Amino acid sequence: MELVRSHVLICGGTGCTSSGSEVLHEEFDDMLVKYGLDKEVKVIKTGCFGLCALGPVVVVYPEGAFYSRVKKEDVEEIVQEHLLKGRIVKRLVYDETVEQNDIKSLNDVNFYKKQQRVALRNCGVINPENIEEYIAVDGYQALGKVLTEMTPEEVIDTVKKSGLRGRGGGGFPTGTKWDFARKSVNEQKYVCCNADEGDPGAFMDRSVLEGDPHSVLEAMAIAGYAIGANQGYIYIRAEYPIAVKRLQIAIDQAKEYGLLGKNIFDTGFDFDIELRLGAGAFVCGEETALMTSIEGHRGEPRPRPPFPAVKGLWEKPTILNNVETYANIPVIFNKGADWFASIGTEKSKGTKVFALGGKINNTGLVEIPMGTTLREIVEEIGGGVPNGKKFKAAQTGGPSGGCIPASLIDTPIDYDSLISIGSMMGSGGLIVMDEDNCMVDIAKFFLEFTVDESCGKCTPCRIGTKRLLEILDKITKGQGTLEDIDRLEALCYHIKNASLCGLGQTAPNPVLSTLRYFRDEYEAHVVEKRCPAGVCKALLSYVIDPEKCKGCSACSRKCPVGAISGEIKKPFVIDTTKCVKCGVCMETCKFGAVVKK
Amino acid sequence: MSVKSSVPFNGTAEQEAKLKEVIAKYKDTRGALIPVLHEAQDIYGYLPLEVQVMIAEGLGVTLAEVYGVVTFYTQFSLNPKGKYAIAVCLGTACYVKGSGNIINKIQESLNLEVGGCTPDGKYSLNATRCIGACGLAPVLTVNDEVYGRLTVDDVPGILAKYSD
């Protein structure tokens, strides 16, 4: 291997690629040639660093200088100053890492300090398109150990002992699931990976697949050995082209190295993995629907039992785990089940990755030990709510989850505590909302999603969610009654009890949890015909505060419907019968005289 | 969704040959229909009835089965996309940051419904699920170009870039 004195790590995750990291890669290559450094400095495209809000991110080692929001024009300066002359370009470094005249280690920065990267251990560290880099960080060592030193029963015992629970949302103990499939007798079994991350606002699995695809392949082979399967399928969203490409490269490389395919490690164990592309149906995240889709049909769920461990893909015993669950498996074997079980809380072991988004300063990917409080995530790691606004609620679990209000911000995050407060872990989307978000509107947003995504097979979900949405729509338009709120609540329970699959059973959760913690907002819409957050258009009116208005006429010139009139230098007035509530006047006014009521 | 596309089908012999190759490649794979539809859509840009018929005959499944699958999944389209396919992310992170207003602004500016295509075939507009670029929310894409951290005021400038 050639020796180089510096490494330039460029984030190739989706967030950074979208903000232009590919161009940076080319520019670094060109500039290194221009300054004659191309033999001394190596440029590597890595997976996600997590701090997407500051993308594109470039990290230069050995110094560990963390450059954020780098532009093409900045590259020459970094090459000339930092790589040629050894002077870190402070202007471009993430300002939290600059301490007086020194650069702090990334691990001391607030965003990373409380994190513990287990599932994401290799993201942003290795080049995901090179199997040798994965092997260099102990990759495929766990598979070697499992195949040469352990029996399938010992493998399952180790996973059970680690306390690992499914990271896709349900939280079912992984070892127990494997045990069921092991005990199903059949000459053909399957190992599936759910990479159909459909929860809007969540991108944990995509980052693992893009940043560390081999960890998933290795874990699937371990699972295959444990349950007695020799074929694996990864069901992945077609919307993730980068992840699809890197997985395919990883599979090809693993086959070339004999780490997948026939007679792995000379043990006589065969294991092969195929990719199957999803086609944009949220319900396919449900295990039976996913398998129906791999079989090539409309992805509709079917009743359980029989559970997939008994009758799954093509009616054979099948296990299905999600990407993040698999990403934890190799570490459990390398570092031991006891080590893994030492992280987290009594019933939730290990770490959880969250995609932090919404009204928060540090949007991005964070991995925290189970039991970290929501306050630590929002205020310390996330850097708080922007623009001095107040934290109102956090939404976890996407369309199946619920809201956690500000009063419960000290709740430790684990499977059971989230269920007890009416939310759920879900796959890891964590959306922060501030005082400007209307909770009825948020509930309506999620219901629009589930109505769209309900597969239509069972009536409670197909028709029930539609009715829920209609009632919510009525309320946001100011036409609701108190009886509507009661009817809404009752219908939620009917849908939960009567639906066939997880989609319908959890679809009412966003409504129930907002009703539980923000009932006053629902009542304000119904009784006072008022939207406290100022979101629901039908209930808003824009007025001009005559005290603040300078009579400059800027708003009246911008108004698209000519609803604002007045005399220059005297207060203007909005004709509410003409106003279409577009809000242009409010954006235009320099004096803050236009207010929403 | 209607059975028949609004735009007349004009597939070429070359496209048909490619599709036949794809069908031959997957003929013996279990669960081949969805991978074949993906590749067919790459070839034609969409999946009109004529293409569905060829696939049904090629794989030996009924047209009803093919049509059922095509209409079940949102990735498959019965209508062609515009020269400039605009997609606005309505994932939760983008939604709470105001992507709803952005899609409204585009609809107004182009006089175009979500899911539709302008009569000249120039623009099509779609609302997408999370594209995973939540750090840049709110986000829209035009073909493969990504625009992030948007406000409503950015919309006219972006559309102006695609006026040719």
- Listed by first then second residue, the pairs whose first member lies in the range A:143-161 and is not assigned by TED's automatic domain parsing to the domain that holds A:Gly261, whose partner is at pLDDT 95 or above and not aliphatic (A, V, I, L, M), with beta carbons under 6 Å and at least 6 positions apart or on separate chains, are none
- Note on the structure: When restricted to A:Asp205, A:Asp196, A:Asp252, A:Asp212, the only residue more than 30 Å from A:Glu154 (Cβ to Cβ) and surrounded by 20 or more Cβ atoms within 10 Å (Cβ to Cβ) is A:Asp196
- Run A:Ile273 past the list (1) outside any helix (DSSP H, G or I); (2) surrounded by 24 or more Cβ atoms within 10 Å (Cβ to Cβ); (3) touching a helix residue (DSSP H, G or I) at 6+ places or on another chain (Cβ under 7 Å) and report the number of the one that doesn't hold. (2)
- Message: Here is a check on your reading of the model: is A:Pro460 touching a residue at least 60 places away in the same chain (Cβ under 8 Å) and in a helix (DSSP H, G or I)?
- Response: no
- Task: Assess whether A:Leu540 counts as being under 24 Å from A:Glu448 (Cα atoms) and touching a Ser or Thr at 6+ places or on another chain (Cβ under 7 Å).
- Result: no
- Give the range B:62-105 a look and list any residue that's away from chain A (no Cβ under 12 Å) and either more than 30 Å from B:Glu39 (Cα to Cα) or within 15 Å of the chain's Cα centre (by Cα) (or both), or say none. B:Leu78, B:Asn79, B:Pro80, B:Lys81, B:Gly82, B:Lys83, B:Tyr84, B:Ala85, B:Ile86, B:Val88, B:Ile102
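Residue-by-condition table, conditions (1) outside any helix (DSSP H, G or I); (2) under 23 Å from A:Leu290 (Cα atoms):
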position: B:Ala40; (1), (2): no, yes
position: B:Tyr46; (1), (2): yes, no
position: B:Val51; (1), (2): no, no
position: B:Met54; (1), (2): no, no
position: B:Ala64; (1), (2): no, yes
- Item | Tally, over the range A:26-52, of residues that are in a strand (DSSP E or B) and crowded, with 24+ Cβ neighbours inside 10 Å | 1
- Message: Checking the condition in a helix (DSSP H, G or I), in contact with a Lys or Arg (Cβ under 9 Å, 6 or more places away or on another chain) and either outside the structural domain of A:Gln395 (by TED's automatic domain parsing) or of a type outside the set (Lys, Arg) (or both), which residue from A:Leu515, A:Leu469, A:Leu500 passes?
- Response: A:Leu469
- Query: Just for helices (runs of 4 or more DSSP H) wholly inside the range A:88-153: which have at least 2 residues that are surrounded by fewer than 17 Cβ atoms within 10 Å (Cβ to Cβ) and in contact with a Phe, Trp or Tyr (Cβ under 8 Å, 6 or more places away or on another chain)?
  - Reply: A:141-149
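Would you point out which residue out of A:Asp410, A:Asp414 is in contact with a Gly (Cβ under 7 Å, 6 or more places away or on another chain) and of a type in the set (Asp, Glu)?
On the way: A:Asp410 fails: in contact with a Gly (Cβ under 7 Å, 6 or more places away or on another chain).
None of the other options fit; the residue is A:Asp414.
In the list A:Val75, A:Val79, A:Val23, A:Val4, which residue meets the criterion of being within 14 Å of chain B (Cβ to nearest Cβ), more than 24 Å from A:Gln115 (Cα to Cα) and outside any strand (DSSP E or B)? Walk me through how you get there before you give the answer.
Values: A:Val75 fails: within 14 Å of chain B (Cβ to nearest Cβ); A:Val79 fails: within 14 Å of chain B (Cβ to nearest Cβ); A:Val4 fails: within 14 Å of chain B (Cβ to nearest Cβ).
Residue meeting the stated conditions: A:Val23.
Out of everything in the range B:22-58 that is acidic (Asp, Glu) and within 22 Å of A:Gly278 (Cα to Cα), what residue ends up being surrounded by the most Cβ atoms within 10 Å (Cβ to Cβ)?
Residues of the range B:22-58 that are acidic (Asp, Glu), as a first pass: B:28, B:39, B:42, B:50, B:57.
Keeping just the survivors that are within 22 Å of A:Gly278 (Cα to Cα) gives B:28, B:39, B:42.
Values: B:Asp28: 7, B:Glu39: 18, B:Asp42: 10.
For the range B:22-58, the residue satisfying everything is B:Glu39.
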- Task: Among the residues of the range A:282-295, write down those that are within 17 Å of the chain's Cα centre (by Cα) and at the interface with another protein chain (Cβ under 7 Å from one of its Cβ atoms).
- Result: none
- Task: For the range B:78-90, enumerate the residues that are over 25 Å from B:Asn101 (Cα atoms) and either part of a strand (DSSP E or B) or modelled with pLDDT of 85 or more (or both).
- Result: B:Leu78
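Can you tell me which residue is nearest to A:Gly429 (Cα to Cα) among those in the range B:127-146 that are more than 9 Å from every other protein chain (Cβ to nearest Cβ) and either surrounded by fewer than 21 Cβ atoms within 10 Å (Cβ to Cβ) or in contact with an Asp or Glu (Cβ under 8 Å, 6 or more places away or on another chain) (or both)? Break it down stepwise before answering.
Kept after step one, since they are more than 9 Å from every other protein chain (Cβ to nearest Cβ), are these residues of the range B:127-146: B:127, B:138, B:140, B:142-145.
From what is left, the residues that are either surrounded by fewer than 21 Cβ atoms within 10 Å (Cβ to Cβ) or in contact with an Asp or Glu (Cβ under 8 Å, 6 or more places away or on another chain) (or both) are B:127, B:142-145.
Working: B:Ala127: 20, B:Val142: 26, B:Asn143: 26, B:Asp144: 25, B:Glu145: 25 Å.
Here the answer is B:Ala127.
The values are calculated or read from the model by the stated rules, or taken from the named source; none is laboratory data. Note that the coordinates shown come from a computational prediction; the quantities given were computed from them, not determined experimentally. Ideal geometry is used to build each Cβ from the backbone, glycine not excepted, and the neighbour counts take in all protein chains shown.
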